[in-house]
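Asks: Below you will find the structure I want to go over with you.
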Amino acid sequence: MNNTDLYETLGLDKNASQDDIKKAYRKLSKKYHPDINKEPGAENTYKKVQDAYETLGDEKKRASYDQFGTTGDQQGFGGQGGFGGGFGGQGGYSDFGDIFSQMFGGAFDPNRPRQGSDLQYRLNLTFEEAIAGLDTEIEYNRTGSNGQSEHKKVKVTVPAGIDDGQQMRMSGYGEAGSNGGPFGDLFVVFHVAASKDGFERDGADVYLEQPLDFATATLGGEILVKTVHGEAKLKIPAGTANGKRFRLRGKGAPRLQGSGYGDQYVVVYIDVPTKLTRDQQDALKKFQNAMNGEETKLDKIKKKFQ
């Protein structure tokens, strides 16, 4: 595999920062998500973007990829639910120490206990599930202590506020070890779908674009806006300009570290109507004339009979 393949998938070079990788992933994931992009090949591109971020978004996996052109969990994928093979198969070298021992004549005991390979499971979540968290059950196959494939069912508690690309380590749920060694671990990687309500996340903060009618933008008022916790009232001051951003404190996603919630930012845009009734057109014309300092026909008639 060419070392630039995954970087090219995200439109980056090898010198990209982790922040650059995260931003590119969010942009492309939203662009090619199957729920949004119905063009042929979009779903396949979306999967490639997910795979690229899964490796480059993890510093350890990225380092391995940069050095060897692959990561341990890219050795193969199998089993139910789409989990991947581990970081070094059973019967192979469990770490670089084994390799150096044989290369340089060090003492190497082939019968010593070795930990089993790690496995990976991709858990798909809706935007709402990631915000609220949930308890679910996953199923996959692994190699058991007897060397045979065994079917596993594991309960997973998804913490409220989990974000796309984050993962959870479940110790002892990977492949069986050899020579009496412990089981490897299972890494549950969370993939969060784009919001169908127009929400976007940046950590614990949530962003939403909100249409605003011309009258309310001009005169001010109060509107209802969607948040991830339900509807909330938002006061609109008179003379609100297009693109104005408002902050709703504590209306964002739960914080995984620490306590409390992030904020929601509402960006308003003036919703210009495409169809108007005759009365609405007349009212706007009067408003336009008044703004231009011109008298309306009605004003002129009134003055004539005064």
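The values are calculated or read from the model by the stated rules, or taken from the named source; none is laboratory data. Here the structure is a predicted model, which means the values were calculated and not measured. All Cβ positions, glycine included, derive from the backbone under ideal geometry; neighbour counts span all protein chains shown. Protein only, heavy atoms only, side chains kept; ligands, DNA and RNA dropped before computing areas. Shrake-Rupley method; radii C 1.70, N 1.55, O 1.52, S 1.80 Å.
Asks: Taking the range 26-61, which residues are within 16 Å of Gln167 (Cα to Cα) and in a helix (DSSP H, G or I)? Step through it out loud before you land on a result.
Replies: Within the range 26-61, the subset within 16 Å of Gln167 (Cα to Cα) is 50-61.
Selection gives Gln50, Asp51, Ala52, Tyr53, Glu54, Thr55, Leu56, Glu59, Lys60, Lys61.
Asks: Is there any pair linking a residue in the range 24-52 that is among the aliphatic types (A, V, I, L, M) to one that is open to solvent by 40 Å² or more (accessible area, probe 1.4 Å) and part of a loop (DSSP other than H, G, I, E, B), with Cβ under 7 Å and at least six apart or on different chains, and which?
Replies: From the range 24-52, the pairs are Ala24/Gly11; Ala24/Leu12.
Asks: Here's a follow-up. Across the range 1-40, what is the number of residues that are open to solvent by 30 Å² or more (accessible area, probe 1.4 Å), of a type in the set (A, V, I, L, M) and out of contact with any Gly (no Cβ under 9 Å at 6 or more places or on another chain)?
Replies: Adding up the residues that qualify gives 2.
Asks: What do you reckon, is Asp58 closer than 30 Å to Glu137 by Cα, at pLDDT below 70, buried (at least 19 other Cβ atoms within 10 Å of the Cβ) and within 29 Å of the chain's Cα centre (by Cα)? Talk me through it step by step, then tell me what you get.
Replies: Details: closer than 30 Å to Glu137 by Cα: yes; at pLDDT below 70: no; buried (at least 19 other Cβ atoms within 10 Å of the Cβ): yes; within 29 Å of the chain's Cα centre (by Cα): yes.
It is false that Asp58 is closer than 30 Å to Glu137 by Cα, at pLDDT below 70, buried (at least 19 other Cβ atoms within 10 Å of the Cβ) and within 29 Å of the chain's Cα centre (by Cα).
Asks: Restricting to the range 236-280, give me the number of residues that are without any contact (Cβ under 8 Å) to a residue 24 or more places away in the chain, polar (S, T, N, Q) and open to solvent by 90 Å² or more (accessible area, probe 1.4 Å).
Replies: So the count comes out to 3.
Asks: Taking Ser195, is it open to solvent by less than 40 Å² (accessible area, probe 1.4 Å) and within 24 Å of Ile21 (Cβ to Cβ)? Before you say what the answer is, go through the steps one by one.
Replies: Numbers: open to solvent by less than 40 Å² (accessible area, probe 1.4 Å): yes; within 24 Å of Ile21 (Cβ to Cβ): yes.
Criteria met by Ser195.
Asks: Checking Tyr121 against (1) surrounded by fewer than 21 Cβ atoms within 10 Å (Cβ to Cβ); (2) out of contact with any His (no Cβ under 9 Å at 6 or more places or on another chain); (3) more than 22 Å from Leu28 (Cβ to Cβ), only one condition comes out false. Which one?
Replies: Condition not satisfied by Tyr121: (1).
Asks: Restrict the check to the range 74-95 and report whether at least one residue is at pLDDT 80 or above and surrounded by 12 or more Cβ atoms within 10 Å (Cβ to Cβ). Please lay out each step first, then the result.
Replies: Restricting attention to the range 74-95, the residues satisfying the condition of being at pLDDT 80 or above are none.
Looking through the range 74-95, none of the residues is at pLDDT 80 or above and surrounded by 12 or more Cβ atoms within 10 Å (Cβ to Cβ).
Asks: Taking the residues in the range 211-229 that are open to solvent by 30 Å² or more (accessible area, probe 1.4 Å) and in contact (Cβ under 8 Å) with a residue 24 or more places away in the chain as candidates, determine which candidate is farthest from Gly174 (Cα to Cα).
Replies: Among them, the one singled out is Phe214.
Asks: For the condition of a type in the set (A, V, I, L, M) and at pLDDT below 85, what is the one hit in Leu234, Leu284? Walk me through it before giving the result.
Replies: Working: Leu234 fails: at pLDDT below 85.
Leu284 is the lone residue from the list that is of a type in the set (A, V, I, L, M) and at pLDDT below 85.
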